[in-house]
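The values are calculated or read from the model by the stated rules, or taken from the named source; none is laboratory data. Not measured: the values here are computed from a predicted model. Here the Cβ positions follow ideal geometry from the backbone for every residue, glycine too, while neighbour counts run over all protein chains shown.
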Amino acid sequence: MNLITVSGPPSSGKTAVILKTIESLKKRNLKVAVAKFDCLYTDDDILYKKAGIPVKKGLSGALCPDHYFVSNVEEITKWGLDNNFDILISESAGLCNRCSPYIKGIKAICVIDNLSGINTPKKIGPMLKSADIVVITKGDIVSQAEREVFASRVNTVNPAATIMHINGLTGQGSFELSTLLYSEEDHVDSLKGKELRFPMPAALCSYCLGETRIGESYQMGNVRKMKLDD
């Protein structure tokens, strides 16, 4: 089985890209399943079920979605192996710009949209910088010049990535992406012992553990203060 991780900011078009790409994968008689991770609510699993795609859904609730993903991805991988899927796509929640949900040796895709602003690529950390493939969506809404400038900014941040433009509504470009997703050389038998490509956001403070009161006397653990002195 090939495991693919797909991440990106909220509402960038991850689910639409995955659905259109799976349509192309099915034409090659590949069995594809999806593990959908989110924070508080998602009905994307219903969309996958309507398309006849096996899906498992997990909600992180009050936990960081990145930590929740890493704590459950091994079990999700076992589910995919037990069901003899050819490809298992792990779709993350709409993550913050510091998240890093990628695993060494596992193909990583970052979905980002043209409407987020031309400086956005510089604001995104490991989620974009360590991706193998960067998919840019919503290109039909902006001009050709804006698309090229945005793609150039992405290339500056991650020059090693393959950059692709996909229309999540029509599926234009999704076939090209599907040709990059499956390889017999990338089969995964287990994730045990594998490592993240980049450490996750570090925080273990009183607010992580449920503190709600504001004030320095209530702050403990990993706390960082702004430098206000000129």
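In this structure, does THR156 turn out to be more than 16 Å from the chain's Cα centre (by Cα), surrounded by fewer than 19 Cβ atoms within 10 Å (Cβ to Cβ) and at pLDDT 95 or above? Can you show your working first?
Working: more than 16 Å from the chain's Cα centre (by Cα): yes; surrounded by fewer than 19 Cβ atoms within 10 Å (Cβ to Cβ): yes; at pLDDT 95 or above: yes.
Here the answer is yes, as THR156 does meet what is asked.
Can you work out which of the residues in segment 107-131 that are in contact with an Asp or Glu (Cβ under 8 Å, 6 or more places away or on another chain) and not in a helix (DSSP H, G or I) is farthest from SER183 (Cα to Cα)? Break it down into steps so the answer makes sense when it comes.
Step one: list which residues in segment 107-131 are in contact with an Asp or Glu (Cβ under 8 Å, 6 or more places away or on another chain), which gives 107-109, 114, 118.
Filter once more, so that each one left must be not in a helix (DSSP H, G or I): 107-109, 118.
Details: LYS107: 10, ALA108: 14, ILE109: 15, ILE118: 33 Å.
Among them, the one singled out is ILE118.
Taking the residues in segment 182-222 that are over 30 Å from GLY61 (Cα atoms) and part of a loop (DSSP other than H, G, I, E, B) as candidates, determine which candidate is modelled with the lowest pLDDT.
First pass over segment 182-222, keeping only residues over 30 Å from GLY61 (Cα atoms): 182-187.
Going one step further and asking which of them are part of a loop (DSSP other than H, G, I, E, B), we end up with 182-183, 187.
Numbers: TYR182: 92, SER183: 88, HIS187: 92.
Here the residue is SER183.
Determine whether segment 74-84 contains at least one residue that is without any contact (Cβ under 8 Å) to a residue 40 or more places away in the chain and in contact with a His (Cβ under 9 Å, 6 or more places away or on another chain).
Looking through segment 74-84, none of the residues is without any contact (Cβ under 8 Å) to a residue 40 or more places away in the chain and in contact with a His (Cβ under 9 Å, 6 or more places away or on another chain).
Name the residue that is surrounded by the fewest Cβ atoms within 10 Å (Cβ to Cβ), counting only residues in segment 137-153 that are assigned to a helix (DSSP H, G or I) and of a type in the set (Lys, Arg). Walk me through it before giving the result.
The initial filter retains those residues of segment 137-153 that are assigned to a helix (DSSP H, G or I), namely 144-153.
Still in the running and of a type in the set (Lys, Arg): 147, 153.
Details: ARG147: 17, ARG153: 15.
Among residues in segment 137-153 that are assigned to a helix (DSSP H, G or I) and of a type in the set (Lys, Arg), the one surrounded by the fewest Cβ atoms within 10 Å (Cβ to Cβ) is ARG153.
Working only within segment 90-103, note down all residues that are within 18 Å of LEU181 (Cβ to Cβ) and in a loop (DSSP other than H, G, I, E, B).
Within segment 90-103, PRO101, TYR102 meet the criteria.
Scanning for something within 29 Å of LEU81 (Cα to Cα), charged (D, E, K, R) and touching a Gly at 6+ places or on another chain (Cβ under 9 Å), does segment 115-135 turn up at least one residue?
no
Where residues in segment 81-124 are under 23 Å from ALA151 (Cα atoms) and β-branched (Val, Ile, Thr), which of them is surrounded by the most Cβ atoms within 10 Å (Cβ to Cβ)?
This residue is VAL111.
If VAL134 satisfies every condition in (1) closer than 18 Å to VAL6 by Cα; (2) assigned to a loop (DSSP other than H, G, I, E, B) but one, which is the exception?
Only one criterion is unmet by VAL134, namely (2).
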